[in-house]
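Notes to accompany the following structure.
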Amino acid sequence: MLRAAPNLANQETLVRIRELCQRGQSGERTAAVIATGHAGLDAALPGGGWPCGAITELMPGSTGIGELSLVLPALAAVARAGKYHAWIAPPHLPCPQALAQRGLALDHLLLIHTADTAATLWAAEQLLRCASVGAVLAWPAALDERRVRRLQLAAEAGGGCGFIYRPASAAAVSSPAALRLRLANTAQGLRIDIQKSRGGSAREAPIYAVVVHPASQAAA
């Protein structure tokens, strides 16, 4: 049963979350990872992809450098599997046509606007526990180790992939997230530094990925 929600944007959102959580059925995990769609990154990650039932922290040096495009292949795979992907409090909204061109089924996208950080984290925790939601993306304004641990436990319960976007400064503090990546824009493409990887170790050599940026517009 869902606990009381703090300051979600509207009641319809709460009803939608409740429906998704009631619809999902627990059962066997279909995979331990979802391929990232980037061969170099898959080769560097334990298991060969984004960890399922876990939190991945993405820490870009600045916004708009490909931090969203990096996960789009995985979101397309989630939608093809018949599961939903939820975006919670994104700073910008991508163009629907661009997402469709990248293979993302828009009828499997759940976009949630929240009034504050507490509501963002509440929605993320509830949706991570939903078996019918294969991936959750969240942009909390603030986050501490205790809340990351709660999100990690929620992801373990639901079995999906949790992507939490944090500022570059978050790399200076510890986190219980299973995977932590620092991202930077370079002439060679998106530079990915693995700061922490469960089942592996920090990687000294960076990985470079060429990402296609979807057309975007500022969030209203």
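When Gln126 is tested against (1) at pLDDT below 95; (2) surrounded by 21 or more Cβ atoms within 10 Å (Cβ to Cβ); (3) under 25 Å from Ala81 (Cβ atoms); (4) in contact with a strand residue (DSSP E or B) (Cβ under 8 Å, 6 or more places away or on another chain), just one condition goes unmet, and that condition is (4). The lone criterion from (1) of a type in the set (S, T, N, Q); (2) modelled with pLDDT of 95 or more; (3) surrounded by fewer than 17 Cβ atoms within 10 Å (Cβ to Cβ) left unmet by Gln152 is number (3). Scanning region 48-67 for residues that are farther than 18 Å from Cys161 by Cα and polar (S, T, N, Q) yields Ser62, Thr63. Only one of the listed residues (Ala115, Ala119) is more than 21 Å from Ala31 (Cβ to Cβ), out of contact with any helix residue (DSSP H, G or I) (no Cβ under 9 Å at 6 or more places or on another chain) and modelled with pLDDT under 90. That residue is Ala115. Looking only at residues in region 17-52 that are among the charged types (D, E, K, R) and either at pLDDT below 55 or within 19 Å of the chain's Cα centre (by Cα) (or both), which one is surrounded by the fewest Cβ atoms within 10 Å (Cβ to Cβ)? By that ranking, first place goes to Glu28.
The values are calculated or read from the model by the stated rules, or taken from the named source; none is laboratory data. Computed from a prediction, not measured in an experiment: that's the story for all the values here. Cβ sites come from the backbone with ideal geometry, for glycine too, and all protein chains shown count toward neighbours.
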